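Asks: Sharing a structure, written as structure tokens. Questions coming.
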Amino acid sequence: MKKLTLSLIIMTLFVSSVILIVNHQTNQGLLNNSDRNHLNTIDSTNEIASKKQKNQNSVIGTATKKNTKENTPKNTNKEQKTKKIVITIDPGHQQRANIEQEPVAPGSSETKYKATVGSLGVVTKKPEYAITLEFSKMLQKDLKKKGYQVVLTRNSNDVDLSNRDRAKIANKNHSELFIRVHADGAENPNAKGFSIITPSNNNPYTKGVFKESQKASKTIVQHVGKEFPLYQNGISYRADLSGFNWSKVPVILLELGYITNPQDDQNLSDKKYLEKLTSSIAKGVENYLHE
């Protein structure tokens, strides 16, 4: 009996030990699995957070690049600055004549006076050189308002510039148009009206500028003729003018009127008349340059 009891006790202890060992291993396994799952959860969370942060950084980077691109100042104004169109105006004649001779054209044996005083107003007694300078300054002002760069060959009456010198100023400035300003004189006191002298078509010295010069003349005459009387048809052609023959740019000569005619003479000393004439010519010049 004692042996049986002892055997039962030993068996019970053995079974209990086995159960305890199995439970310990099972719990350890559960713990390991739990820890692994916990670590996996942490890794997954970190990975999601990392991806989210990368996406945010990508969006921020894109926005920053876009803003930087949008906020970058454009250099188009510097790169695309357009050069102003240059117009040279020559107020005809000067206070003192220079009767020295100069070639009428490059390489020509024919010569003419370098510069003269011009005609004298039959009523006002105003000299042509003074009228042309006054008008040229008014025309310069009007054309500058239209955005052109305007060069005057002279700014005072007390100068010594030959006709060749004046043409060379226009050439040097690469002028789109060389406008010579005069006030005509004639033996016939009835001759009156505005006109333009243009280089001749058969003149070898002005062959290269004839077409543009003629085009400018026609355009200006069309504008002026709407409001002012024209002399004859408004345009005449000459091949003997030094100021034409030395010019390498389109050139015209405005005859504002005949100061040997009483009415024209007085008109060319009337500020309102000159302002109106100036405005009409400036519109013609603008129209020509933008055709």
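Asks: Which of the residues that make up region 111-121 are in contact (Cβ under 8 Å) with a residue 60 or more places away in the chain and either outside any loop (DSSP other than H, G, I, E, B) or more than 18 Å from Leu274 (Cβ to Cβ) (or both)?
Replies: Initial filter on region 111-121 (in contact (Cβ under 8 Å) with a residue 60 or more places away in the chain): 112, 118-121.
Once the filter is applied, which keeps residues that are in contact (Cβ under 8 Å) with a residue 60 or more places away in the chain and either outside any loop (DSSP other than H, G, I, E, B) or more than 18 Å from Leu274 (Cβ to Cβ) (or both), region 111-121 yields Lys112, Leu120.
Asks: Somewhere in region 228-244, is a residue among the β-branched types (Val, Ile, Thr), touching a Gly at 6+ places or on another chain (Cβ under 9 Å), assigned by TED's automatic domain parsing to the domain that holds Ile196 and modelled with pLDDT of 95 or more?
Replies: no
Asks: Determine which member of the set Glu212, Glu176, Glu187 is within 30 Å of Gln263 (Cβ to Cβ) and among the acidic types (Asp, Glu).
Replies: Working: Glu212 fails: within 30 Å of Gln263 (Cβ to Cβ); Glu176 fails: within 30 Å of Gln263 (Cβ to Cβ).
Sole residue among the options that is within 30 Å of Gln263 (Cβ to Cβ) and among the acidic types (Asp, Glu): Glu187.
Asks: Which pairs turn up if I take residues in region 202-217 that are more than 14 Å from Ile235 (Cβ to Cβ) and look for partners that are modelled with pLDDT of 95 or more and assigned to a helix (DSSP H, G or I) with beta carbon separation below 6 Å, at least 6 apart in sequence or on another chain?
Replies: Tyr205/Asn245; Thr206/Phe244
Asks: Please go through region 214-247 and pick out each residue that is within 31 Å of the chain's Cα centre (by Cα) and within 22 Å of Ala115 (Cβ to Cβ). It would help to see each step written out before you state the result.
Replies: Narrowing region 214-247 to residues within 31 Å of the chain's Cα centre (by Cα): 214-226, 243-247.
Once the filter is applied, which keeps residues that are within 31 Å of the chain's Cα centre (by Cα) and within 22 Å of Ala115 (Cβ to Cβ), region 214-247 yields Gly243, Phe244, Asn245, Trp246, Ser247.
Asks: Which pairs have Cβ atoms under 9 Å, sit 6 or more apart or on different chains, and link a residue in region 247-262 that is within 10 Å of Gly185 (Cα to Cα) to one that is among the aromatic types (Phe, Trp, Tyr)?
Replies: Glu255/Phe194; Glu255/Tyr231; Gly257/Phe194; Gly257/Phe228; Gly257/Tyr231; Tyr258/Tyr231
Asks: How about region 153-192: which of its residues are surrounded by fewer than 17 Cβ atoms within 10 Å (Cβ to Cβ) and either outside any loop (DSSP other than H, G, I, E, B) or in contact with a Pro (Cβ under 6 Å, 6 or more places away or on another chain) (or both)?
Replies: Lys168, Asn171, Lys172
The values are calculated or read from the model by the stated rules, or taken from the named source; none is laboratory data. In this text, all values refer to a predicted model and were calculated from it rather than measured experimentally. Note that we place each Cβ from the backbone using ideal geometry, even for glycine, and neighbour counts take in every protein chain shown.
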